[in-house]
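Chemist: Below you will find the structure I want to go over with you.
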Amino acid sequence: MGSNTNSAVCKLCRREGAKLFLKGERCFTDKCSFERRPYPPGQFGAGRVRLSEYGTQLREKQKTKRIYMLQEKQFRSLYDAAIRKRGVKGLNLLRLLELRLDSVCLRLGFADTMNQARQLVTHGHFLVNGKKLTFPSYTCRIGDEISIRGDSDKISVIQAAIENAKRKTRPDWMEFDEKAFKGRLVRLPEREDITQPITERYIVELYSK
């Protein structure tokens, strides 16, 4: 079962033509399927496929939804919120995606994957400004403090994630207290802070049609 699940998830990266880091630490090892077979799965996967303009835009939206594990309705809702804000639509969208509580917990190193972060949030293992929040969709704000609740830091997956995070660099738009296991948002992420393989203008173009 575990092997089949790994294979299915890794195929998503190959289908999108980019490493989406959906398996956390596995993506940084030689077990990463995308590193070994960086072409779409299937009999004709290694062949060259040319997408239309619409196909490219749609593919980018699908890839972004997979990175953040969102359904179409959730994603469209975030896009609608992004275009209502002042500023660049694409950057607004990326910011809203990164400021979701599950995304922030992942960036802080409290989880190894987005799926893991979402489950941990839903099960009430994190606090925002000292209060338990179980909504992964909560939009974090500048000054919000995110911490691990009670003895949840003893949960094996959280311990493993924190240990793995020591080998990585946390984003500059958040501070992290190693001893207290808590982080704080100090500013909004800028475009250069967001390293996901996303070309947001394709998404804006798609929804603008």
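No value in this document is a laboratory result; all are computed from the given coordinates. What you are looking at is a predicted structure, and each value in this text was computed from that prediction instead of being measured. With ideal geometry, Cβ positions are generated from the backbone for all residues, glycine too; neighbour counts draw on all protein chains shown.
Chemist: Sort Phe181, Phe110 so that the residue with the fewest other Cβ atoms within 10 Å of its own Cβ comes first and the one with the most comes last.
Modeler: Going from sparsest to densest Cβ surroundings: Phe181, Phe110.
Chemist: So the label point goes 7 Å from the Cα of Glu175 along Cα→C-beta, right? Which residues of the stretch 109-129 then have their backbone N under 13 Å from it?
Modeler: Within reach of a label on Glu175, which here means backbone N under 13 Å from a point 7 Å along Cα→Cβ, the stretch 109-129 contributes nothing.
Chemist: Which distance in Å, rounded to a whole number, links the C-alpha centroids of the stretch 69-107 and the stretch 139-209?
Modeler: 14 Å
Chemist: At most 16 other Cβ atoms within 10 Å and a DSSP loop assignment: could you name the GluC sites (Glu not before Pro) in the stretch 120-209 that fit?
Modeler: Numbers: sites: Glu145, Glu163, Glu175, Glu178, Glu190, Glu192, Glu200, Glu205; in loops: Glu178, Glu190.
Listed in order of number, the matching sites are Glu178, Glu190.
Chemist: Let me ask something additional. From the phi of every residue in the stretch 173-189, what ³J(HN,Hα) in whole Hz does the Karplus formula 6.51 cos²θ - 1.76 cosθ + 1.60 yield, where θ is phi - 60° and glycine or proline is x?
Modeler: Karplus values, whole Hz, x for Gly and Pro: 7, 9, 9, 9, 9, 4, 6, 8, 6, 9, x, 9, 7, 9, 6, 6, x.
Chemist: Can you sort Thr169, Thr113 from fewest to most other Cβ atoms within 10 Å of each residue's own Cβ?
Modeler: Lowest to highest Cβ neighbour count: Thr169, Thr113.
Chemist: Okay, moving on. Assign one of three labels to the stretch 100-187, namely rounded, prolate or oblate, based on the Cα gyration tensor with a ≥ b ≥ c the square roots of its eigenvalues; rounded applies when a/c is under 1.5, prolate when it is not and a/b is larger than b/c, and oblate otherwise.
Modeler: Since a/c stays below 1.5, the shape of the stretch 100-187 is classed as rounded.
Chemist: Okay, next question. Multiply the residue gap between Glu53 and Thr199 by 0.36 nm, knock off their C-alpha separation, and tell me the result in nm, one decimal place. Don't jump to the answer; show the numbers that get you there.
Modeler: On the way: separation 146, 0.36 × 146 = 52.56 nm, distance 1.33 nm.
Here the answer is 51.2 nm.
Chemist: Ranking Ile194, Ile142 by Cβ neighbours within 10 Å, fewest first, what do you get?
Modeler: Fewest-to-most Cβ neighbours within 10 Å comes out as Ile142, Ile194.
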